[in-house]
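To start, the structure under review is shown below, and the notes come after it.
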Amino acid sequence: MAAVDQVGERQAMLRRRYLRWWLAAPATCLLSFLFLWLPAFVAGDAGVACGGPLSLSPSEMKSGLERKWERLREPVTSTFEQVLVFNALPSVSALLSGAFAARAGRRLSTAVGALAVSVMLVVALDWMYLALGYYRLLNCAGWDGELPWLLWHLLPVLGYSSAAVLLAVGVVARWRSPRSGGSGPVRYDEVIGPLRTAYDDGARQRDVMGKAPWKLAEREAFLKRLNGHGCRRLLEVGAGSGQDSAYFQENGLEVVAVDLSPAMVALCREKGIEAYVMDFLGLDFAAGSFDAVYALNCLLHVPNRDLAAVLDAIHALMRPGGLFFLGVYGLADTTEEGPFEGDDHYPPRFFSFRSDERLQEYARKAFEIVDFHVVEAGGHRFQSLTLQRAV
């Protein structure tokens with residue numbers, strides 16, 4: 001597992017992820033364009049594509065409906081060049097906005113993306129107008145059995161509207177991304193939004209995942225320490241779906257769980273756990289109200305700039321002599337932080353991987369270290385800390 005430390009590299013990684021949506025949008029536009037128009041272009045008759053098969057004979061065209069017919073037919077016919085240019089606009093605008101997303105800053109790329117979404121919606125609405133015009137044409141001429149051609153005109157409405165939605169998702173994700181660049185180190189309040197989105201979307205999937213044996217062993221060892229110290233009331237921060245909270249509760253502890261993801265908190269409550277939506281700097285509990293705190297693989301989402309403040313907030317909630325389990329993935333000798341490029345969540349989650357020495361330096365500022373050891377398993381380096389608030 002690796003993370004990036006340089007701001008420029010972090011921006012590049014995020015933008016590659018946003019391009020998934022920017023590329024999906026023009027692809028959808030092109031499919032709508034080709035699916036509707038290519039057969040007619042191959043046949044050399046753009047009028048057929050625009051207006052459907054005009055089955056009236058010349059004599060019928062000279063009937064009393066001829067004048068109205070021509071007036072109603074006008075909005076749903078166009079030349080090959082007009083059709084090509086008009087239907088190319090959504091794809092071109094989406095590709096241009098994708099280029100801005102890859103090169104420009106958050107505000108500019110979001111603005112250009114929003115403009116491209118507007119273009120797609122305008123084209124979709126125009127196709128709706130064409131479909132309504134064709135309906136009026138059929139109704140006026142008294143044609144029967146032409147409903148499939150009317151539905152055919154509604155396909156671009158669906159296609160371009162879907163493309164607009166895909167691009168809008170990318171625009172929103174870009175806007176909600178952590179700010180980076182020349183503004184200095186990343187702060188915790190900048191990563192909360194993307195983290196919440198990522199964990200909300202993956203809540204159910206994570207809830208059915210099993211735990212590795214070494215994680216179960218770490219959890220059991222901490223429970224034994226809690227029982228040995230007479231700890232009865234435990235707070236789990238970053239509780240996820242509540243699997244560990246349920247374990248501690250089933251083993252006789254009074255458990256309260258918090259997580260920044262509403263979807264995760266809902267899963268905790270389904271397990272009968274008292275749970276609240278809170279982030280690490282918004283722990284709204286009385287001082288000294290817990291005997292112990294459990295934090296498994298969650299404080300690695302806190303930037304270095306704010307880790308000391310988070311540890312101080314946890315320290316304030318614990319009674320003197322209380323125990324704190326802090327377990328995170330880390331590195332042996334280096335410290336790196338940033339969104340993880342190979343992440344299986346979207347938006348990519350922010351990680352801060354700290355060296356063994358650096359992590360213990362942070363811990364010593366607020367707690368006494370009872371135990372520190374490293375678990376090497378599954379390609380991960382897990383740093384296990386048991387801390388105690390001074391008596």
So for each of 321-334, 234-247, 276-289 I average, over its residues, the number of other beta carbons within 10 Å; can you give me the resulting order with the highest mean first?
234-247, 321-334, 276-289
For segment 316-355 and segment 224-239, what is the separation of their Cα centres, given in Å?
20 Å
Kirkwood Rh in Å, taken over all unlike Cα pairs in segment 194-388
16.8 Å
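None of the figures in this text is laboratory data; all of them are computed from the coordinates on show. If you're wondering where the values come from, they're calculated on a predicted model, not measured in any experiment. Because the Cβ atoms are built from the backbone with ideal geometry, glycine has one as well, and the counts that use them run over all protein chains shown.
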